[in-house]
Amino acid sequence: MLFQPPLPPKYSALTEEEMGQAILERKRVLGSRLVILGHHYQQDEVIRFADFTGDSLKLSQIGAQQKDAEFIVFCGVHFMAESADILTDDRVKVILPDLSAGCSMADMAEIEQVEEAWDFLTDACPEPRRDCGVTVIPITYVNSAASIKAFCGGHGGACCTSSNARKVLEWAFTQGGKVMFLPDQHLGRNTAYGMGIPLDRMVIYDPKLPRGGLTAPIRTPSASAGPKPSDRNVRDAKVILWKGHCSVHGLFTEAQCDEIRRLDPECRILVHPECKWEVVQKADLAGSTEFIIRTVREAPPGSKWAIGTEIHLINRLVHEHPEQSIRSLAGIQCLCTTMYRIDMKHLLWCLDELVAGRVVNQIHVDPQTKRLALVALQRMLANVNPQPVAIK
Ligand code: SF4
């Protein structure tokens, strides 16, 4: 996680109303040079200043379309700001109002760990592949660092979102025999299972364990006895799931689904595919953030929903759809605490600096990483339908 220095004390002395007026004034001064992007999980006090709202990739694409924009202030988390920098030209400066707004899932896959895993997997699965000599195709969820996206772009792989993971996996299996799915094991498992791949053809690669905790033989003279039979053997696997997860969606449980069923059998359970496989199996519907929003928007009045996703989005749906009964699947507040670090104070501070001619908290991806990450993103965009579809 990057370090955010404390703000000057004057920002703590301002009331919410004063900060709101000041933010609007700075937006007026900067005009079309500035675009503020707000992720769906962002708190209301910040998202009300966004020019556009959406999920991470949609926002980055929107940012790239703003031809007059010199500054994109991304009210999201670090990997989202990186994606915006990757997709925009060098003229545009992308700013994250609080540098400590990271993503616990993205942090679970570091480039050195992925390179080590790759060496192990390509050694363990040596069958030739047409264009680069390996059978494993690396696919990364966009919720990952730019370095991981670049790794995938440079090794014949691609990015995916929770809206298009299935399409990207279908493409990947036309390219090679196995997929290494990073960094969210749950999105990978839920998607592959929905495609008909049984759980026993998926293995977990744990970067904290030697050789990921897998049992594939290494091709050395001493391994001449051949592979040892094992249900965790990487050779048998179709999908190698990186051991990462979202700390927010990981809070939803099977017991919560059972409790909803007991309390109100008419209530439908709608969850994000970053939830555990067991939760997705108990849900009525599972799909991306955009899928969740669209499903609720299109539901008839009187519909009842228990939703498994971040609480700010659920609260917004409650507010926007008073004709429906909407609640969180969990009794506890499932909050993205890192995104929550972006508050009005930090937003105002970075706008003040821009008005004064200073760019603070710029997120800059180096050119080589940017080039390869763009390859991974473009492979994804070339192979998917932009409409969000259900995982289940
Ligand atoms: S909700 Fe989960 S995946 Fe999304 S930014 Fe927060 S920690 Fe990361």
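Would you say Lys392 is closer than 22 Å to Gly250 by Cβ, among the charged types (D, E, K, R) and either in a loop (DSSP other than H, G, I, E, B) or modelled with pLDDT of 95 or more (or both)? Steps first, answer last, please.
Numbers: closer than 22 Å to Gly250 by Cβ: yes; among the charged types (D, E, K, R): yes; either in a loop (DSSP other than H, G, I, E, B) or modelled with pLDDT of 95 or more (or both): yes.
Yes, satisfied.
Does Gly20 satisfy the criteria of being small (Gly, Ala, Ser), open to solvent by less than 10 Å² (accessible area, probe 1.4 Å) and at pLDDT 95 or above? First the steps, then the outcome.
Working: small (Gly, Ala, Ser): yes; open to solvent by less than 10 Å² (accessible area, probe 1.4 Å): yes; at pLDDT 95 or above: yes.
Taking the combined requirement at face value, the residue satisfies it.
Any residue at all in region 54-61 that's away from the ligand (no atom under 16 Å from the Cβ) and not small (Gly, Ala, Ser)? Can you show your working first?
First pass over region 54-61, keeping only residues away from the ligand (no atom under 16 Å from the Cβ): 61.
After this cut, where a residue has to be not small (Gly, Ala, Ser) as well, the list is 61.
Yes, the conditions are met somewhere in region 54-61.
Do you know which of the residues in region 101-117 that are open to solvent by less than 10 Å² (accessible area, probe 1.4 Å) and either more than 20 Å from Gln4 (Cα to Cα) or of a type in the set (Asp, Glu) (or both) is nearest to the ligand (Cβ to nearest atom)?
Ala109
Restricting attention to region 23-49, which residues are polar (S, T, N, Q) and surrounded by fewer than 17 Cβ atoms within 10 Å (Cβ to Cβ)? Quick ask: steps written out before the conclusion?
Here is the first cut: in region 23-49, the residues polar (S, T, N, Q) are 32, 42-43.
Ser32, the sole residue that qualifies.
Quick one: in region 185-214, of everything that is open to solvent by 30 Å² or more (accessible area, probe 1.4 Å) and among the aliphatic types (A, V, I, L, M), which residue is farthest from Cys275 (Cα to Cα)?
Leu209
Which one of these is under 23 Å from Tyr340 (Cβ atoms) and either open to solvent by less than 10 Å² (accessible area, probe 1.4 Å) or out of contact with any strand residue (DSSP E or B) (no Cβ under 6 Å at 6 or more places or on another chain) (or both): Asp68, Asp98?
Asp98 is the lone residue from the list that is under 23 Å from Tyr340 (Cβ atoms) and either open to solvent by less than 10 Å² (accessible area, probe 1.4 Å) or out of contact with any strand residue (DSSP E or B) (no Cβ under 6 Å at 6 or more places or on another chain) (or both).
The rows are residues; the columns are (1) at pLDDT below 95; (2) of a type in the set (S, T, N, Q).
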residue	(1), (2)
Thr140	no, yes
Cys152	no, no
Lys178	yes, no
Phe181	no, no
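Looking at region 357-370, can you tell me whether even one residue there is of a type in the set (A, V, I, L, M) and open to solvent by 30 Å² or more (accessible area, probe 1.4 Å)? Give the derivation first.
Restricting attention to region 357-370, the residues satisfying the condition of being of a type in the set (A, V, I, L, M) are 359-360, 363, 365.
The next check asks that each one be open to solvent by 30 Å² or more (accessible area, probe 1.4 Å); those that pass are 359.
Yes, some residue in region 357-370 is of a type in the set (A, V, I, L, M) and open to solvent by 30 Å² or more (accessible area, probe 1.4 Å).
Of all residues in region 275-290 being open to solvent by 40 Å² or more (accessible area, probe 1.4 Å) and under 22 Å from the mean Cα position of the chain (by Cα), which is nearest to Cys336 (Cα to Cα)?
Initially, region 275-290 is screened for residues open to solvent by 40 Å² or more (accessible area, probe 1.4 Å), giving 276-278, 281-282, 284.
Now restrict to residues that are under 22 Å from the mean Cα position of the chain (by Cα): 276-278, 281.
On the way: Lys276: 17, Trp277: 20, Glu278: 22, Gln281: 24 Å.
Among those that are open to solvent by 40 Å² or more (accessible area, probe 1.4 Å) and under 22 Å from the mean Cα position of the chain (by Cα), it is Lys276.
Okay, residues lined up against (1) within 24 Å of the chain's Cα centre (by Cα); (2) in a helix (DSSP H, G or I):
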| site | (1), (2) |
| --- | --- |
| Glu259 | no, yes |
| Ile269 | yes, no |
| Pro273 | yes, no |
| Thr295 | yes, yes |
| Pro300 | no, no |
| His312 | yes, yes |
| Glu323 | no, no |
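Among the residues of region 331-341, are any touching a Gly at 6+ places or on another chain (Cβ under 7 Å), within 15 Å of the ligand (Cβ to nearest atom) and under 24 Å from Val142 (Cβ atoms)? It would help to see each step written out before you state the result.
Looking only at region 331-341, we keep the residues that are touching a Gly at 6+ places or on another chain (Cβ under 7 Å), and these are 338-339.
Of the ones still in play, those that are also within 15 Å of the ligand (Cβ to nearest atom) are 338-339.
From what's left, under 24 Å from Val142 (Cβ atoms): 338-339.
Checked region 331-341: at least one residue is touching a Gly at 6+ places or on another chain (Cβ under 7 Å), within 15 Å of the ligand (Cβ to nearest atom) and under 24 Å from Val142 (Cβ atoms).
Does Leu169 qualify as being outside any loop (DSSP other than H, G, I, E, B), modelled with pLDDT under 95 and open to solvent by less than 10 Å² (accessible area, probe 1.4 Å)?
On the way: outside any loop (DSSP other than H, G, I, E, B): yes; modelled with pLDDT under 95: no; open to solvent by less than 10 Å² (accessible area, probe 1.4 Å): yes.
No.
Cβ-Cβ distance below 7 Å, separation of 6 or more or different chains: which pairs start in region 172-199 with a residue that is closer than 25 Å to Asp123 by Cβ and end on one that is charged (D, E, K, R) and at pLDDT below 95?
Going by the 7 Å Cβ cut-off, the qualifying pairs are Gly176/Arg129; Gly177/Glu127; Lys178/Lys238; Ile197/Lys238.
Looking at the structure I just gave you, is Arg327 of a type in the set (Lys, Arg) and in contact with a helix residue (DSSP H, G or I) (Cβ under 8 Å, 6 or more places away or on another chain)?
Taking the combined requirement at face value, the residue satisfies it.
The values are calculated or read from the model by the stated rules, or taken from the named source; none is laboratory data. Remember, it's a predicted structure, so these values are computed and weren't measured experimentally. Positions of Cβ are generated from backbone atoms using ideal geometry, with glycine treated the same way; all protein chains shown enter the neighbour counts. The area values use the complete protein model at the heavy-atom level, side chains included, leaving out ligands, DNA and RNA. Shrake-Rupley method; radii C 1.70, N 1.55, O 1.52, S 1.80 Å.
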